[in-house]
Amino acid sequence: MLLLLVSSTLSLFSQTETKKARIFGEVGLGFGKTLFFGDTKSQLGKALGGTFTPGTGNNLMMAFYFAPEKWKGFGIGTRIKGTFGASVTGEFGDSYIFNFYNLALSGKYYPMKGGFNKGIYIRGGAGFGQFTSKRDSEENNVYKHQYAIGGTFTGSIGWSFPIKKVSLNIESEFEYSSRNGTIDGIGSTSFRSGQVGGNVYLAF
């Protein structure tokens, strides 16, 4: 999906030069705190064993938006995001790692009159993806994994600073996900998680 998104973005960006279509691309990095909602921590404890607290993660993102001038600052497109979590230590000294991925339909709106990629903006998205969790203890030969797949919703507010032909975007973001997975000996269950953090983009 990442390769498809990259090729689509490059193809559409190429059209901006020939057809003057209003297509904008983004690449960015971020950082955030992982959140667990409901009984997710308890369910992960059953799946992986032990107790632990949510950690932090680094974000990697790419997006493109179709935003004609007549839409007056509004754009719609596709956004892919991966969160790669830092290892946290559980009660028994084991390492726990959480990674999250999603591909979403995304909308972005600039309420000021400067146009797309200029000034304050709000962004919202809804998509589909997975998370992977891992418990690792080489000393005790313990290697456990848990997977879940489902929907993700994001909302953010930020500011775009134009710099010649590109713009620097700085935003704060909240993410909520509900994904379904299966725990050995228990069956299907729902994992609700999210993130609060900040991202920095280069938009073109």
| query | So, with +1 on the Cβ of K and R and -1 on the Cβ of D and E, and no other charges, what is the size of the charge dipole of the chain about its Cα centre, to the nearest 20 debye? | reply | 1120 debye
| request: Please name whichever of Tyr101, Leu35, Gly125 sits farthest to the positive end of the charge dipole of the stretch 2-203, dipole taken about the Cα centre and charges placed at Cβ: Lys and Arg +1, Asp and Glu -1. | output: Gly125
| remark: Fewest to most Cβ atoms within 10 Å: Met61, Met112 sort as Met112, Met61
| request: Provide, in order from the shortest bin, the percent of all Cα-Cα pairs of the stretch 2-203 in each 5 Å bin, continuing until the bin that contains the maximum pair distance. | output: 1, 7, 15, 18, 16, 13, 10, 7, 6, 4, 2, 1, 0
| Relative contact order (percent, whole number), the chain, Cα cutoff 8 Å, 6+ residue spacing | 20 percent
| task | Working from the alpha-carbon coordinates of the stretch 123-204, get Rg over Rh, Rh being the Kirkwood radius. | result | 1.17
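Values in this text are rule-based calculations from the coordinates and carry no lab data. These numbers were taken from a predicted model, which means no experiment stands behind them. Quick reminder, even Gly has a Cβ in these numbers, built from the backbone with ideal geometry, and neighbours come from all protein chains shown.
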